[in-house]
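Asker: Starting off with a structure, shown below.
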Amino acid sequence: EKLKQQPSSSSNSSGGDVSGLQQTVSDMRSEVQKLSDSNSKLESELQTTNENIAEAKKQLDSLKTEEIALKRDLKILQFKCDKLKPEGGTSGSRRQAPSLNK
């Protein structure tokens with residue numbers, strides 16, 4: 001746009017055009033470098049985030065496996081408790097706890 005705004009017919013403005021163009025190119029290079037730096041930082045943050053997500057998924061899978069094992073153990077214990085209950089199901093028919101001799 002700067003090139004369109006400045007007349008290029010006279011030789012005196014030609015030097016100004018080159019100087020303005022060089023400044024524009026310099027500004028654009030600076031902006032590209034800033035964007036490149038920002039992009040590198042974002043890529044690094046994305047990689048860290050992806051690694052954190054992968055670790056969280058591993059922990060979740062481990063917890064799910066542990067939950068399954070605990071549910072299985074609970075069912076086994078419930079089954080054993082049901083077998084130990086007397087037919088009447090009253091608490092009065094419980095046997096006494098063994099006494100500890102010291």
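Asker: Leaving ligands, DNA and RNA out of it, rank ARG72, ARG29 by accessible area with a 1.4 Å probe, largest first. List each step's numbers first, then the result.
Answerer: Working: ARG72 135, ARG29 175 Å².
Heavy-atom accessible area, descending, gives ARG29, ARG72.
Asker: Also, quick follow-up: So with the 1.4 Å probe, I'd like the accessible area per residue for the range 12-82, rounded to whole Å². The partial results should precede the final answer.
Answerer: Numbers: 6240 Å² over 71 residues.
Per-residue value: 88 Å².
The values are calculated or read from the model by the stated rules, or taken from the named source; none is laboratory data. Worth saying up front: this structure is predicted, and the values here are computed from it rather than measured. For accessibility, only protein heavy atoms count, side chains too; no ligands or nucleic acids. Shrake-Rupley method; radii C 1.70, N 1.55, O 1.52, S 1.80 Å.
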